[in-house]
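Down below is the structure, laid out as structure tokens.
The values are calculated or read from the model by the stated rules, or taken from the named source; none is laboratory data. Only a predicted model underlies this, so the values are computations on that prediction, with no experimental measurement involved. Quick reminder, even Gly has a Cβ in these numbers, built from the backbone with ideal geometry, and neighbours come from all protein chains shown. Only protein heavy atoms, including side chains, enter the accessible area calculation; ligands, DNA and RNA are left aside. Shrake-Rupley method; radii C 1.70, N 1.55, O 1.52, S 1.80 Å.
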2 protein chains.
Amino acid sequence: MSERKVVLVTGGAGYIGSHTVAELIENGYDCIVVDNLDNSSYESVARLKILVKRDIKFYHTDLCDRENLETIFKDNKIDSVIHFAGLKAVGESTKIPLKYHHNNILGTLNLLELMEVYGVKSLVFSSSATVYGDATRFPDMIPIPEECPLGPTNPYGNTKYAVEKILNDLYNSNNNFWKFAILRYFNPIGAHPSGLIGEDPLGIPNNLLPYMAQVAVGRRDKLNVFGNDYETRDGTPIRDYIHVVDLAKGHIAALKYLEKKNEEGICREWNLGSGTGSTVLEVLKAFCAACGDDIPYEIVGRRAGDVINLTAKPDRATRELEWKTELDVADACKDLWKWTTENPFGYQLKGIVDAFAAEEDNYDSRFITLGDGTKFQATIANIGATLVDLKVDGQSVVLGYDNEEGYLAEDSAYIGATIGRYANRIKNGTFSLNGETYQLALNNGPNANHSSVDTFHTKKFLGPLVKNPSKDVYTAEFLLVDPSENSEFPGDLSVIVMYTLRVAEKSLSIEYKAQVSGGKSTPINMTNHTYFNLNKVNKETFVGTEIQVINNKSVDIDENMIPTGKIIDREIAKLNEKATILGQSEPKYDYAFVVDENEKYDQIDSSSRELKTVVKAYHPESNIRLEVLTTEPSFQIYTGDFLSAGYHARQGFAVEPGRYVDAINQEPWKKSVTLSEGETYGSKIVYRFS
Amino acid sequence: MSERKVVLVTGGAGYIGSHTVAELIENGYDCIVVDNLDNSSYESVARLKILVKRDIKFYHTDLCDRENLETIFKDNKIDSVIHFAGLKAVGESTKIPLKYHHNNILGTLNLLELMEVYGVKSLVFSSSATVYGDATRFPDMIPIPEECPLGPTNPYGNTKYAVEKILNDLYNSNNNFWKFAILRYFNPIGAHPSGLIGEDPLGIPNNLLPYMAQVAVGRRDKLNVFGNDYETRDGTPIRDYIHVVDLAKGHIAALKYLEKKNEEGICREWNLGSGTGSTVLEVLKAFCAACGDDIPYEIVGRRAGDVINLTAKPDRATRELEWKTELDVADACKDLWKWTTENPFGYQLKGIVDAFAAEEDNYDSRFITLGDGTKFQATIANIGATLVDLKVDGQSVVLGYDNEEGYLAEDSAYIGATIGRYANRIKNGTFSLNGETYQLALNNGPNANHSSVDTFHTKKFLGPLVKNPSKDVYTAEFLLVDPSENSEFPGDLSVIVMYTLRVAEKSLSIEYKAQVSGGKSTPINMTNHTYFNLNKVNKETFVGTEIQVINNKSVDIDENMIPTGKIIDREIAKLNEKATILGQSEPKYDYAFVVDENEKYDQIDSSSRELKTVVKAYHPESNIRLEVLTTEPSFQIYTGDFLSAGYHARQGFAVEPGRYVDAINQEPWKKSVTLSEGETYGSKIVYRFS
């Protein structure tokens, strides 16, 4: 990990920035994203993390804020910079040119000054073909080579031009130090083929393709085509459209080129374009083909500042950067259509409250609320991929905290959290796998409980990846990359926790998937540790809750709560029996029950098994019924008699489906909790209300 | 006054800025100067005040400091801006381009943003012919018209170009609001014909003329001529040199042009040049003629970024601004030579400590120390044009305060200050002049003393104008413009207080000159109110001081200290008698003596009269002898029996030469204290030590 080169990506949450971050990580770089989120969304960074399966350091900072920017340089060892941040709307720039000049130039100057101070030499600059202005004013300058005289025709272009001059001036002042790649983009289009990231312009899109896409999904009435009286094959202006993934790869090529310049400086410009121009109508046709529909459009007057033809001569990049476009307009349209249909509102989450701690600039700490507050609603957090709150008909039925601090507190009781890698007790905290014996820290008398010190409940999961709901079904996917070097457990583990909220049927499903991505086999046994309280009035206690279980067969345990190997009967109502009523102090449960004592369970993936109702609970006062369903062979019931951490004893009860307690040390069950490379661990829990 | 238009002049302390301020005030504008003093000196502003006889508001602020800049816009009603501030050395700009871009561009952006916020529409921008780059690369572009394509060849030029673009972009965004005049200077040379202000480059001059001048006065060995292999008449590059006063006037012309554009916006460029090019060697020849000497020079290699010919086509300015140059290179050389010989170190004051309160950004409060600390040294302040300290052989012999606050304190005792308009008592605070009766506020029992509320001792004098000493003689000139609207006295008065310190003869001379510049006649009687203490050890008292006076005839006074009209003898030693010794509490003096009781003194200007020693004082312990000489007919001796304000009774004694007490109400003397338009009041006092 420490050998990865670190690239500071300014504007890394934006359209081209986010795609470049994806390519950078793909190519073995580490990224630090800095973005003021003025015209972008943190959502793109959250999704990038899921996409690249890696944490990405994020700073919510404006480059004009010198002091904040400096903390980034102070706190990180940065190898190079890719500088996307900047205002970029041509039309807007003609209305508020001061803001464009101030932002784009001061931001760059601050960045360069800090690079100088902190000895960071390499910068790839996001310039634009706009610096050429109307290249048709010269003979033989279409396609446009880098040597074409510059002459921007709008304030946005002037700011790009000004920055190019600054870079040249700076390089000339110290040409053994600085390494600058100036990339002049032609027209970036398309989206990541994953459908996870794409262009998400604020307000009315300025660019053709996003506008077209918004028309296609019904967000806009029709496309305006600005002028069909240009001297081109169909009268509409010609642009050199380039797939954003190709463009992103151009940055990697430029970065590698700069890296090869060891002790030599450089300041050089490269066009990033395909070399092939398309008219507006040609692109429209390609997009219609991709979405299988006609896009309504209207020819309107020419737009000020538009030029007839901006087609790149990309030969220099091909020759020197060994880069060329590999995707075409049709690919871009296809990927754009995927992005648009899967994210019709871009990164905007309709009906989802993304209450991550943005006010403290702690974007990693996200509390996301999904669903309908009056019917069924869940709040989840990426600390421990935790279920923070669950509301049934507006009433909270689980315990939880408002903020991350609650979950990180010393005495925290795993409330609502994902338990992993290994839920429940491991006898003496020790186990053997493939001939090696491991010893975990002890945190529960002589045992290790709930994974001891490397518990998932305090780990920050990546994401969640939340998409706009379809038919009242909300999904949120968390990812945890848990390398063995950060754990007492062997094996690099990759874990997905997927929450699915179905408002109509008032069910919340939690699915676990895990794989060993490298290294040795690991014990695994995951669950969710929600404490329920169905009481309506006096929520200080769950007294009066009626409870039934699928089976009263239970794992016998010794004085240290380790299974003796015997299965015994416990006094608790079964599903068809009159419910057990939880009273002021009795009955107390902290026992594992088995779903079917006759089954010898040894699967690593239970997820395809039948979901069975293992516990039912009901409170007459609220009239809320809870069913806990699972694919797992066992479940612990805990009446919270030792609950603390801001709560009281018996304020909530937990149902923790999972594998058999201490199975890793019990030969008949060991296979069901041992995950090796190539295998997939899976399980599923559903909380259903009525 | 309130009808004067207010121009904010950024960089107004600099070379072109200061000359433009002079022309602006000459043309009826008020100026606010803002300057970071990075490459300029407050001295130029102090001198400008003397030159234009007017206070000039000054802010020590960098335009990049947005907050400080905003206070200027908040605190003042600004009509227009002339924007000079900026880094301007071509050579330096190639070494530290980031600083050039940051400073010149951010400063301008801040300025424009604040202009927008505060509704200030007009700006004259100090651009440069450097934006053209090498205009000889095009056919027929010498002389250079404004239409010549731009192409700066160095970072300095790039910053000017960038600002021009910003102004154009901004104008285009709101072309009914903004009025921008972009002035492209060719090569400004020369200095103000007064010799008071001129070019004072920090360090080694970058420009030809200042360098030449420094060679001429011996500060540099020889002139380097960068290349004589250009294709010009003598091989040296051709520039269009323009007298700085002409250039300054171009700004007034541009400002007036913008003013004529009432409801219309404009953004337009004008060359300011003569239209005539001179080679380096031609200028050298002209300068040699002006200074009457040969300047040693050496031909060295070409300088990077230099172009062969930069001659203006100034037709547009002639046609539209109705401006053209009126002075030529010979005039410029003559004025430069005057400036250089009178200020061989520019604004740097060698051996003079300019301890104005710059650390508090209170540049108006100046404490300036002249002379040699071990021999004879005076400190003067512009608050009251006060003598703050006087050191004889390292020993302080006068009372005074360290800072302005001391002098502004309620109980201040006029210590060291200039007393005016009217020193000493006016009976009942009333007087009649030309048939009108005036009543002053009473501040001394039934009388007005030392001008009562409008006393000069708390007024801020302009300046001082301090020049480098010649032959150990130091001069400092204060100016006070005291309009009647700011005073209880009639008539607009203009006062000069000139201190001359002669180190060799240990004398400090104070000369007063005053004229009524408008309005009615005024009473006048000025003096200096220094308290002497020649004691060496116990400076808490002057006990032991031996004193003699020219004449023991004294003005008889009533119980209110107003002359009865009689002259009486007082007990005090005359010059040829055994000295009177000042004891612990006796003798007490607060009496006016007359130099010659037989003279009927009625002159308004005593300055051409014989200087007479009127008082001698000596302290045996310090062995310091003081002689007070004056051209005045009378002198008050006060043994400080009521001294307070941080001092004790009898800690210092004052000798106050002047006109007769209450002369304004005493017919025989009234003429000597009545100043009318066309007359000059004058007097002189000398403190001499041995």
Q. Any residue in region A:435-447 that is in contact (Cβ under 8 Å) with a residue 40 or more places away in the chain, closer than 22 Å to A:F642 by Cα and open to solvent by less than 10 Å² (accessible area, probe 1.4 Å)?
A. yes
Q | Where A:G565 falls short, out of the listed (1) modelled with pLDDT of 95 or more; (2) within 20 Å of A:E667 (Cβ to Cβ); (3) more than 42 Å from the chain's Cα centre (by Cα) | A | (1)
Q: Restrict the check to region A:168-183 and report whether at least one residue is touching a residue at least 12 places away in the same chain (Cβ under 8 Å), in contact with a strand residue (DSSP E or B) (Cβ under 6 Å, 6 or more places away or on another chain) and within 11 Å of chain B (Cβ to nearest Cβ).
A: yes
Q.
Restricting to region B:111-125, give me the number of residues that are buried (at least 22 other Cβ atoms within 10 Å of the Cβ) and either within 11 Å of another protein chain (Cβ to nearest Cβ) or assigned to a helix (DSSP H, G or I) (or both).
A. 3
(Q) Here is a check on your reading of the model: is B:E147 more than 25 Å from B:A89 (Cβ to Cβ), acidic (D, E) and surrounded by fewer than 24 Cβ atoms within 10 Å (Cβ to Cβ)? (A) yes
Q. In this structure, does A:K95 turn out to be in contact with a helix residue (DSSP H, G or I) (Cβ under 7 Å, 6 or more places away or on another chain), over 22 Å from A:N362 (Cβ atoms), more than 12 Å from every other protein chain (Cβ to nearest Cβ) and charged (D, E, K, R)?
A. no
Q | Odd one out for B:R303 among (1) open to solvent by less than 60 Å² (accessible area, probe 1.4 Å); (2) part of a loop (DSSP other than H, G, I, E, B); (3) in contact with a strand residue (DSSP E or B) (Cβ under 7 Å, 6 or more places away or on another chain); (4) more than 17 Å from B:V244 (Cα to Cα) | A | (1)
Q: Find the strands (runs of 3 or more DSSP E) located wholly in region A:158-257 whose residues include 2 or more that are open to solvent by less than 10 Å² (accessible area, probe 1.4 Å), of a type outside the set (K, R) and touching a Lys or Arg at 6+ places or on another chain (Cβ under 8 Å), and list them.
A: A:179-185
Q. For region A:448-464, what are the residues that are open to solvent by 20 Å² or more (accessible area, probe 1.4 Å), touching a residue at least 40 places away in the same chain (Cβ under 8 Å) and either touching an Asp or Glu at 6+ places or on another chain (Cβ under 7 Å) or not in a helix (DSSP H, G or I) (or both)?
A. A:K459, A:K460
Q | Residue list for region A:126-137, filter: farther than 22 Å from A:A248 by Cβ and within 14 Å of another protein chain (Cβ to nearest Cβ) | A | A:G133, A:R137
**Q.** Residues of region A:146-158 that turn out to be facing another protein chain (nearest Cβ under 9 Å) and modelled with pLDDT of 95 or more, as a count
**A.** 2
Q: Find the strands (runs of 3 or more DSSP E) located wholly in region B:589-690 whose residues include 1 or more that are more than 29 Å from B:V503 (Cβ to Cβ) and of a type in the set (S, T, N, Q), and list them.
A: B:634-638
**Q.** Of the criteria (1) within 14 Å of chain B (Cβ to nearest Cβ); (2) touching a Gly at 6+ places or on another chain (Cβ under 8 Å), which one A:P143 fails
**A.** (1)
Q) What do you reckon, is A:G133 at positive phi and assigned by TED's automatic domain parsing to the domain that holds A:K324? A) yes
Q) How many residues are out of contact with any Asp or Glu (no Cβ under 6 Å at 6 or more places or on another chain), crowded, with 18+ Cβ neighbours inside 10 Å and of a type in the set (S, T, N, Q) if we restrict to region B:516-536? A) 6
Q) Does A:A514 meet the test of being modelled with pLDDT under 95, in a strand (DSSP E or B) and hydrophobic (A, V, I, L, M, F, W, C)? A) no
(Q) Can you pull out every residue in region A:277-295 that is open to solvent by 60 Å² or more (accessible area, probe 1.4 Å) and either among the aromatic types (F, W, Y) or modelled with pLDDT of 95 or more (or both)? (A) A:E282, A:K285, A:A289
Q: Taking only region B:77-92 into account, find how many residues are within 14 Å of another protein chain (Cβ to nearest Cβ) and more than 14 Å from B:D38 (Cβ to Cβ).
A: 2
Q. Condition test on A:K574, is it more than 30 Å from A:P446 (Cβ to Cβ) and touching a residue at least 40 places away in the same chain (Cβ under 8 Å)?
A. no
Q.
Tell me whether region A:537-552 contains one or more residues that are under 25 Å from the mean Cα position of the chain (by Cα), buried (at least 23 other Cβ atoms within 10 Å of the Cβ) and either of a type outside the set (K, R) or closer than 18 Å to A:T418 by Cα (or both).
A. no
Q: Go through region A:150-166 residue by residue and tally those that are of a type outside the set (D, E) and either in contact with a strand residue (DSSP E or B) (Cβ under 8 Å, 6 or more places away or on another chain) or not assigned by TED's automatic domain parsing to the domain that holds A:L310 (or both).
A: 4
Q: Go through (1) closer than 27 Å to B:T311 by Cβ; (2) more than 14 Å from chain A (Cβ to nearest Cβ) one by one and return the number of the condition B:N68 breaks.
A: (1)
Q) Pick from region A:604-627 the residues that are in contact (Cβ under 8 Å) with a residue 60 or more places away in the chain and under 30 Å from the mean Cα position of the chain (by Cα): which of them is most open to solvent (accessible area, probe 1.4 Å)? A) A:S608
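This table checks each residue for (1) among the polar types (S, T, N, Q); (2) under 31 Å from the mean Cα position of the chain (by Cα).
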site	(1), (2)
A:W178	no, no
A:G190	no, yes
A:P201	no, yes
A:Y211	no, yes
A:A216	no, yes
A:N224	yes, no
A:T236	yes, no
A:I242	no, yes
Q: Working carefully through the options B:T500, B:T522, B:T530, B:T580, find the one that is of a type in the set (V, I, T) and farther than 30 Å from B:L465 by Cα.
A: B:T580
